[in-house]
Amino acid sequence: MSENASQTIGWQGITLNVPEDWAVTGFGGDVRNGTLRVDAGGRESKTAPSGLEVRWIDSKKAQTEGLLQDRLKLLLKAVEKAAHKEKTQAETWTGTVTAKRHEDRPAEIAFRWSTSSSASGRIWYCETCGRIVITQVYGPGGARFLDSAGQILSSIGCHGSEVGWRTWALYALETQAPAEYTLAGQQVLNIHLQLRFNKARAEEALIIEQWSLANVQLKNMYLDEWFEVKAGTSLSHVKYEKTEEEIDGHSVLALSGKKSGIIYWLSDGLRDLMRFRIPATRYEAMVWECPDSNKAYLIQCVSRRSERDLVREIAGRTRCHAR
C-alpha cells in the first residue's frame, strides 16, 4: 500500500490508513464501546487484504498483557469453534509487537489465525483513551498479505495526536471536531454526508455536511441562496448577518446570528428557562464550494454563546482538496 494510494478513515477517535478504494461499510456503538468495518472495493484479491474490523471496549481499569491474553484466548477459541463447524482446521499464533510506536500502550499483542480464510490482528490497551482495542485485517493469508496487513495495523490510532480534537473521515470527508462534542447521528448517502454532534446538553449542536457534485448542486444558484435551501429548518427563528471570509484559498460565506421571536420563546426558549438552562440561541455557520474536489461544505453550530471562532477552526481543519 503506497502512501499516494491511501486514505484516512476516522471514527469515534479511531484513525487508520487504508487503500483509496476502500470504504466504510458498517459502524455501531459510541466512543466508549463500538465497532467499525471497512472493506476493499473491486474484485477479491489472492494476495491483498479484503477488509478490516476494529472493536473498542471501555476499560474501567488498566489492562496488563496477561488480561489481554485472556481476552485473546476467547477470540481464538471462537475461531477454532467456527472452523470445527465448517470441518476445517484452525491455525492460530500470538506474539509481541516488534515495532512499538505507541508509548501509551503498555500492553499490546499481535495475533494471526487461519481457517478457510485468514486474519492478522492486534489487541491493545491505551492509557490515554482508556479503551481496549481489537483490530483484525482479513484476507487470503501469505507473505504479501501479511506485509500489507502489517502496514494497515501499524497505522491505526485510537485517539487524536492533538489533545481535545477527534478526526472524522469517511467517503472523502476529512474533518475534525472537538472531543467534547459527541456524535448524535449521521446521514450517509451517495452525494450527501451529514454528521450531527451534541455538546453536553442536547440543545447545543454542531453539524458538519458535505455534498458531492457541487457544480450540479449549485447550478443557477448563488451560494447564499443554496445555503438557505440546504439549512432548512435550522434557520427557523434565526436572524443572521452574512459576511465573506477566505479559508484555505476558498471564499467562504460566514453567517452569524441569534434565535429570537415570540414563536421561539414560547417553544424552545421557554422550555429551557423552565429547566433552569441558558437557552442555546447563538447561531454560527460557514458554507463554501471547493471547485478542485467539486464538493460543497456546510458547518453549523447552535450554542449558548458565540462559537464563531470554533466554526472557523473546524472549517480550517476540513480537508476539501489535496494540499
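Take the conditions surrounded by 16 or more Cβ atoms within 10 Å (Cβ to Cβ) and at pLDDT below 95 and apply them to G160. Does it pass? Answer is yes for this residue. Listed by position, the strands (runs of 3 or more DSSP E) contained in the stretch 144-252 that have at least 3 residues being more than 12 Å from the chain's Cα centre (by Cα) are 181-188, 192-199, 201-212, 238-247. Within the option set A172, A205, being among the aliphatic types (A, V, I, L, M), closer than 30 Å to D292 by Cα and open to solvent by 60 Å² or more (accessible area, probe 1.4 Å) holds for one residue only, A172. In this structure, is N198 open to solvent by less than 50 Å² (accessible area, probe 1.4 Å) and either closer than 18 Å to I57 by Cα or without any contact (Cβ under 8 Å) to a residue 24 or more places away in the chain (or both)? Answer is yes for this residue. Regarding the stretch 116-133, can at least one residue be identified that is among the basic types (K, R) and not in a strand (DSSP E or B)? Within the stretch 116-133, not a single residue is among the basic types (K, R) and not in a strand (DSSP E or B). Go through the stretch 257-292 and give me each residue that's in contact with a helix residue (DSSP H, G or I) (Cβ under 6 Å, 6 or more places away or on another chain) and modelled with pLDDT of 90 or more. Scanning the stretch 257-292 gives E284, M286, V287, E289. For the stretch 240-260, filtering for residues that are exposed (fewer than 13 other Cβ atoms within 10 Å of the Cβ) and more than 15 Å from E228 (Cα to Cα) leaves 4.
Counting only residues that are modelled with pLDDT of 95 or more, among the basic types (K, R) and farther than 21 Å from G157 by Cα, the stretch 40-76 holds 1 of them. Taken over the stretch 1-58, the criterion of being open to solvent by less than 50 Å² (accessible area, probe 1.4 Å) and acidic (D, E) is satisfied by D39, D58.
Looking only at residues in the stretch 295-320 that are touching a Lys or Arg at 6+ places or on another chain (Cβ under 8 Å) and assigned to a loop (DSSP other than H, G, I, E, B), which one is farthest from N198 (Cα to Cα)? If we take residues in the stretch 295-320 being touching a Lys or Arg at 6+ places or on another chain (Cβ under 8 Å) and assigned to a loop (DSSP other than H, G, I, E, B), then C320 is farthest from N198 (Cα to Cα). When residues in the stretch 228-248 are screened for being more than 18 Å from L173 (Cα to Cα) and at pLDDT 90 or above, 6 of them pass. Only residues that are open to solvent by less than 30 Å² (accessible area, probe 1.4 Å) and farther than 20 Å from I152 by Cα were counted in the stretch 84-120, giving 1.
Condition check for V133 on (1) at pLDDT below 95; (2) within 16 Å of the chain's Cα centre (by Cα): one failure, at (1).
The values are calculated or read from the model by the stated rules, or taken from the named source; none is laboratory data. Everything quoted here is computed from the prediction, not taken from an experiment. We place every Cβ from the backbone using ideal geometry, glycine too, and count neighbours over all the protein chains shown. Quick note on the areas: whole protein, heavy atoms, side chains included, nothing else; ligands and nucleic acids left out. Shrake-Rupley method; radii C 1.70, N 1.55, O 1.52, S 1.80 Å.
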